[in-house]
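Working notes, beginning with the structure itself.
Bear in mind these aren't lab numbers, they're just calculated from the coordinates by the rules spelled out. The structure displayed is predicted, hence computed values, not measured ones. Glycine also receives a Cβ, built like all others from the backbone with ideal geometry; neighbour counts cover every protein chain displayed.
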Amino acid sequence: MSENTANRIFNTVNVILIVIAMVLCLAPFIHIISISLSSNRAIGSGEVSFFPKEITWEAYGKVFGDGSMIRSLLYTIWLTVLSTVLSMVMTIMAAYPLAKSSLRGRKWFMMVIVVTMFFSGGIIPEYILIKNLHLLDSTWGLILPGLISPFYMIILITFFRGIPESLEEAADIDGSTQIGTLIRIILPLSLPVMATLSLFYAVGRWNGFQDALMYITKPELYPLQLKLYQMIQQNQITELMQNEGIGAVHVLPESLKAASVIFSTLPILLVYPWLQRYFISGVMVGAVKG
């Protein structure tokens, strides 16, 4: 077998595997979209798979017409933006000095940080701490506990170490301060990894609901994921009551639940294309330089 033939076979197998992986990843999402656009009759009779039946926009009309859903969406966008900005600022402020070999006690600081990746106090001590700090039912209770990810900080430290020291030395000769060097030289060179970590922080905050489930009781502070979780949970309870014959209950249509899932997923998906060109390069450079 010639080398060209082997390469063609290898490339063909790779393409087939990638297509299969793509279909497996997209299939659940396409199925949810089809359900959200189908009539309740078609859904109930099991006719909906990958293509919607009896297309209707009624479910989306109800979702966008629900004031509480819109309020949760706007609050979640604001919460995600604020949390991502603060997380990146704190991560940069921690990673930049730790990337310098001249920092005294750097290895000790790194050891303490790494330990937190493997050991934690647990959910109950964390809840008690948040309660004692008077952060329950507040936005800061959702931001401060997860403000910095040690793993993301280590990625940024690795990237900073790969930047030639001669650039900083030249800036020092020109009279630049450490903050000035960081803002004018280091950060512009770190745009790929910063965009990647920002996306990671944003997705993590957007999809988070466990902390809101534990710390938030005010409806006006419900993030979108918690709103969706409670809606589905409430529907499961009403379905159980209906099956047990306990009174007249209203079961949420499957199309409305599917539309709510799409409603809560689509905004964060729209962010990815803007950061895609930085994503792969940021991950790879931050992972292998050092």
Suppose every Lys and Arg Cβ carries +1 and every Asp and Glu Cβ carries -1, with no other charges. What dipole size does the chain come out with about its Cα centre, to the nearest 20 debye? 420
May I ask which of K53/K227; K107/K131; K62/K227 have a Cα-Cα span longer than 26 Å here? K53/K227; K107/K131
Values of log10 I(q)/I(0), in the order q = 0.19, 0.31 Å⁻¹, for region 1-55 under a Debye, Cα-only, solvent-free model: -0.67, -1.04
Using 20 Å as the cut-off for backbone N distance, which residues of region 195-228 belong to the label zone defined by a point 7 Å from the Cα of K131 along Cα→Cβ? 210-219
If packing is taken as the average number of other Cβ atoms within 10 Å across a peptide's residues, how do 63-74, 258-269 rank, most packed first? 258-269, 63-74
How long are the semi-axes of the equivalent ellipsoid of the chain, taking √(5λ) for every eigenvalue λ of the Cα gyration tensor, in whole Å from largest down? 43, 30, 17
Starting from the Cα-Cα distance between M117 and I70, subtract it from 0.36 nm times their residue separation and give me the gain in nm to one decimal. 13.4 nm
Can you give the extra length, in nm with one decimal, that the chain gains between V15 and T177 once fully stretched, where that is 0.36 nm per residue apart less the Cα-Cα distance? 53.3 nm
Return the sequence-ordered ³J(HN,Hα) values of region 255-267 in whole Hz as given by the Karplus equation 6.51 cos²θ - 1.76 cosθ + 1.60 applied to θ = phi - 60°, using x for Gly and Pro. 5, 5, 5, 5, 5, 5, 5, 5, 4, 8, 9, 4, x
So if I take the centroid of the Cα atoms in region 184-232 and the same for region 91-136, what is the distance between those two points in Å? 19
With labels modelled as points extended 7 Å from the Cα through the Cβ direction, what inter-label distance (nm, one decimal) is found for N7 paired with M214? 5.4
Using Cα positions and a limit of under 17 Å, work out the aspartates and glutamates in reach of K100, with same-chain residues fewer than 8 apart set aside. E165, E168, E169, D172
